[in-house]
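The values are calculated or read from the model by the stated rules, or taken from the named source; none is laboratory data. Only a predicted model underlies this, so the values are computations on that prediction, with no experimental measurement involved. Every residue, glycine as well, gets a Cβ built from its backbone with ideal geometry; the counts of neighbours run over all protein chains shown.
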Amino acid sequence: MSEGVKTLRAAIAAARDDTEFKAVKVRAAEGQVEILWTRSMAEEDGSWGDFARRCDLPPANGRRQKPRERHTASVVGLDSTAVAFYRLTAPAVEKKETEAIVRMQAESVLPLQADHIAVAWRTAPSTDGQVNITMAAGRREYLSSFADGVRDFASPRIFLSCEGAVKAWQRFFSGVQEDAVLVSIGQRETQVSLIQAGLIRHAAVYPTGLQDLGAADEYGRWSEPAEVVERFIQDIRSAIDSFGRDEAVQRRVLVLSDGGEEIERIVAWLNAAGLPAQASRPAPRGQTPAGDCEPRDIYEYRVPLGLALMALESPAQALDLFEGIDEEEAAKQSRSARRFVRLGAAAAAVMLVALVAVAYAVDVASEKRFRRLVDQPQFEQLREQEKLRKIVARHRPDMLELLTDINHGENNGVVLDSLHFKKGQKATLMGQADNEERLWAFQENLRGRKGLAEVEISTVVPDKKTKKIKFTIDFHYKQFTKKGAVL
């Protein structure tokens, strides 16, 4: 290769949305992006490993190996339904002190103990001595299982799929703003994100998608379920309100669109309901991917496309929930290796002395940091707030655990549409199954979960159009759905 030619960089990025696995391979050079190929696979057709083979990746022998192709990065997106977002406020202090505050507040707002949750966070610029903090959280058990499941992609990084969607929007869509409310509508769910200074500051996911919002028949006539449309609009409004009325109400709501009639109609609904929305479509601005790439391809593969750009750029501000998971895995492997090593008595004594010295140094440093934190004038008020929040948290049901229990095991052929949960009432799960055998197997799977009781199929309705069976299952979740549950 001549000196004047630069080595092209490439990335393989994959993500799973609510119905499909999708992947792209892109090559970047001189500021241009070229899509080399796209791949997709229906969710029911296999696992991450099966999809990796469709992407021409050989099976991995280890957990998260280096990419098998030189100069090619590899990245996988974590579905945002597995992530909970929170916004916190803290005094403007140094990073280490801020981390201590985040950990303390996390214990009060998270539905599980802190050691069961992985947390990633970032701060916004401070104002009046306060900083706003964006915190993403996920179950450690689920994250570890996810990382193990995508090992065939040999991904050195796992990013949040929602951040990939934002990255693609910023590079390849119209109407880009530094601050906006971004709506991304899938087949079965919708994600609403608050964007500030180009980064996600808060996000919410709702179980309503294009499949629920109507479709055209063979004559082009649209059927719009009014109740579902009304609930969808209310969900968008609720998300904006939760982001902070003063911050979001003046911003235009941007809905990612392929330019088709379905999403254009949804934008019209939002405007008619008083939400100033507009469609954001793939638009050439000198950034459109080269090659055989249509605007609809950019829209359909927006998440893996954005993830690929993130892999090539290695953004320092990305929310990384897997940093601690990787460290735990490395420590676990190190402990496993030490089981096969016997130290002599003298060497063991030297190591013990060193360990005591390090522990003492860490304790002294921790005490100094804690004293500086206590000296902050807002600390006492913050601590009182956390006491109250912990009291409230004791009566909060573990929704992450409930969702994990529902999705536990092999449930092929069963698609869940919604979950209705209210304290003091039986929980209701609605969905559809390929056949009755799949439905009964799913019911038995739920009955085997420790926290669920009195699991019963309450309704079964064949769908002549889809040839599937729509069902409703009622059950009790621990003590929360029993009469007299503490509110």
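If the condition is being part of a loop (DSSP other than H, G, I, E, B) and over 11 Å from I406 (Cα atoms), then the range 425-449 contributes Q425, K426, D434, N435. Which one is surrounded by the most Cβ atoms within 10 Å (Cβ to Cβ), of the residues in the range 431-468 that are more than 16 Å from T481 (Cβ to Cβ) and hydrophobic (A, V, I, L, M, F, W, C)? Checking each candidate, the answer is F442.
Of the helices (runs of 4 or more DSSP H) entirely within the range 233-344, those holding at least 2 residues that are modelled with pLDDT of 85 or more and among the β-branched types (V, I, T) occupy 261-272.
I'd like the full set of residues that are assigned to a strand (DSSP E or B) and either at pLDDT below 90 or more than 23 Å from E261 (Cβ to Cβ) (or both), limited to the range 166-205.
Residues satisfying the conditions are A180, S193, L194, I195, Q196, L199, I200, R201, H202, A203, A204, V205.
The C-beta contact set for the range 403-421 (first residue on the phi > 0 side of the Ramachandran plot, second residue surrounded by fewer than 16 Cβ atoms within 10 Å (Cβ to Cβ), distance under 6 angstrom, 6+ apart or interchain) is empty.
Which numbered condition trips up H408, out of (1) crowded, with 18+ Cβ neighbours inside 10 Å; (2) at pLDDT below 80? Going through the list (1) crowded, with 18+ Cβ neighbours inside 10 Å; (2) at pLDDT below 80, H408 breaks only (1).
Scanning the range 17-35 for residues that are on the phi < 0 side of the Ramachandran plot, modelled with pLDDT under 85 and not in a strand (DSSP E or B) turns up just one, D18.
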